[in-house]
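Written out below as structure tokens is the structure these notes cover.
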Amino acid sequence: MKRLSLQTFTIFLSVIVFYSCGPSKKSETSEGTVSAPVKKYTLTKAPASFDYPDAGLALVSSTDNLDTGDVAFEFEVTNYELAVQTPDAETRGIANSGKGQHIHFILNNDPYSAHYESAFTKNIPEGNHVVLAFLSRSYHESVKNGMAYVLKEITVGTPETMGAFDETAQHLFYSRPKGTYSGADTEKLMLDFFLFNTEISPEGNKVRATINGEENYITEWAPYYIEGLGKGKVNVKLELLDKDGNLIPGPFNSVERTVTLE
């Protein structure tokens with residue numbers, strides 16, 4: 001067998017090095033920049049919902065019982081019917097309450113409780129609390145017409161200090177997703193939140209929704225659908241940001257929740 005000459009061997013080695021060290025076409029675009037990772041889910045604006053432009057909600061009274069810690073709330077609901085199915089519920093393809101339309105009651109931006117009557121009692125500890133209540137469709141989407149909510153600071157008992165919640169400031173409240181989803185309800189989750197004294201837009205304030213560590217920037221106040229998630233725990237973080245990407249000060253403008261898909 002003939003031996004390779006030194007010159008032939010050098011050329012052969014150079015070819016091997018070129019192909020082994022050259023850029024990978026699979027990891028770069030045609031312009032030579034690395035492609036962004038593909039998200040493990042999709043987040044899209046939900047289609048238009050059955051509208052309630054004249055629906056209204058007002059707090060008539062709240063009375064606390066210091067002996068039990070219970071607070072009785074009475075609301076007035078106008079141009080809206082509780083405990084009935086929203087007409088387009090069957091076409092949405094998302095989790096829906098069999099009990100019908102209701103009031104979402106949120107205390108201090110904790111997970112809401114659903115109420116199908118306009119009067120109910122909540123056990124609330126002594127102190128100053130922020131209450132947000134709004135009308136909800138049977139599939140848990142908030143009515144956002146400017147009249148269908150109550151935002152109010154309440155005082156239960158006789159706390160040593162008074163509250164300092166600024167109702168005129170910019171606020172973000174979390175609503176959905178919530179709790180545990182099973183069966184077909186795991187295929188499409190609704191992301192919904194409530195804004196006060198602010199608008200969001202591509203050039204202005206924004207909501208950053210971080211889902212399982214992946215960031216999404218929302219520039220329109222509307223419900224959104226999350227699809228393609230795997231079973232297990234899902235972490236959702238919502239933040240109200242200014243036009244420069246800074247968190248807007250406020251007690252509830254950064255909130256994080258975990259839901260379960262089983």
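The values are calculated or read from the model by the stated rules, or taken from the named source; none is laboratory data. If you're wondering where the values come from, they're calculated on a predicted model, not measured in any experiment. So basically every Cβ, Gly included, is an ideal-geometry build from the backbone, and we count neighbours across all protein chains shown. Quick note on the areas: whole protein, heavy atoms, side chains included, nothing else; ligands and nucleic acids left out. Shrake-Rupley method; radii C 1.70, N 1.55, O 1.52, S 1.80 Å.
The residue list Pro249, Ala83, Thr155 was ranked by how far each Cα lies along the charge dipole of the chain toward its positive end, using unit charges on Cβ atoms, and Pro249 comes out on top.
Relative to the longest principal axis of the chain, what angle (0 to 90°, nearest 10) does the C-alpha long axis of helix 6-21 take? Result, in degrees: 10. Once C-alpha pairs closer than 8 Å and six or more residues apart are averaged by separation and normalised to the residue number of the chain, the relative contact order reads 16 percent. Relative contact order, whole percent, for segment 54-134 stands at 30, derived from Cα pairs under 8 Å and 6 or more residues apart.
Derived scalar couplings between HN and Hα for segment 105-118 equal 10, 10, 10, 6, 6, 6, x, 6, 10, 9, 10, 9, 10, 7 Hz in order, rounded to whole Hz, by the Karplus curve 6.51 cos²θ - 1.76 cosθ + 1.60 (θ = phi - 60°), x for Gly and Pro.
How charged is the neighbourhood of Thr158? Take every other residue with its Cβ under 12 Å from the Cβ of Thr158, and add Lys/Arg as +1 and Asp/Glu as -1.
Working: positive: none; negative: Asp64, Glu126, Glu160.
Summing Lys/Arg as +1 and Asp/Glu as -1 gives -3.
Counting lysine pairs in segment 84-203 that sit 8 or more residues apart in sequence, or on different chains, and whose Cα atoms lie under 22 Å apart gives 10.
Extension gain Ala119-Phe50, at 0.36 nm per residue separation less the Cα-Cα distance, in nm? Please report the intermediate quantities before stating the final value.
Working: separation 69, 0.36 × 69 = 24.84 nm, distance 2.49 nm.
So the extension gain works out to 22.3 nm.
Could you state the accessible area per residue of segment 110-257 in Å², with a 1.4 Å probe and every protein chain left in place?
Details: 6550 Å² over 148 residues.
Heavy-atom accessible area per residue stands at 44 Å².
Net charge dipole, the chain: roughly 2060 debye, given to the nearest 20, about the Cα centre with Cβ charges of +1 for Lys and Arg and -1 for Asp and Glu. Choose one of Phe194, Gly228, Ile94: the residue whose Cα lies farthest towards the positive end of the charge dipole of the chain (beta-carbon charges +1 Lys, Arg; -1 Asp, Glu; about the Cα centre). Farthest towards the positive end: Gly228.
So if each residue of separation counts as 0.36 nm, and I subtract the Cα-Cα distance between Lys152 and Thr260, what length gain in nm does that give? Could the numbers behind the result be given before it?
Details: separation 108, 0.36 × 108 = 38.88 nm, distance 3.08 nm.
Once the chain is fully extended between Lys152 and Thr260, it gains 35.8 nm.
Report, in deg cm²/dmol and to the nearest 500, the calculated mean residue ellipticity at 222 nm for the chain, where each DSSP H run with n ≥ 4 adds -39500 (n - 2.57) and the sum is divided by the residue count. Display every interim value, and only then the final one.
On the way: 2 runs with 20 residues, N = 262.
That calculation yields -2000 deg cm²/dmol at 222 nm.
The label point for Glu81 and the one for Glu227, both projected 7 Å from the Cα toward the Cβ, are 3.1 nm apart. Split the accessible area of segment 141-262 by element, probe 1.4 Å, and carbon with sulfur accounts for 45%. For the chain, the alpha-carbon coordinates run over 102, 45, 36 Å along the three principal axes, in decreasing order. Cα gyration tensor of segment 140-215, axes a ≥ b ≥ c as square roots of the eigenvalues: rounded (a/c below 1.5), prolate (a/b > b/c) or oblate? Verdict is prolate for segment 140-215. Spin-label model, Glu203/Asp70: points 7 Å from Cα along the beta carbon direction are separated by 5.4 nm.
Taking the Cβ-Cβ separation of Thr91 and Leu195 as r and a Förster radius of 22 Å, what is the calculated FRET efficiency to the nearest 0.05? Walk me through the intermediate numbers first.
Working: r = 26 Å, r/R0 = 1.19.
The calculated FRET efficiency here is 0.25.
If the chain linking Val60 and Asn246 were pulled fully straight, counting 0.36 nm for each residue of separation and taking away their Cα-Cα distance, it would gain 63.2 nm.
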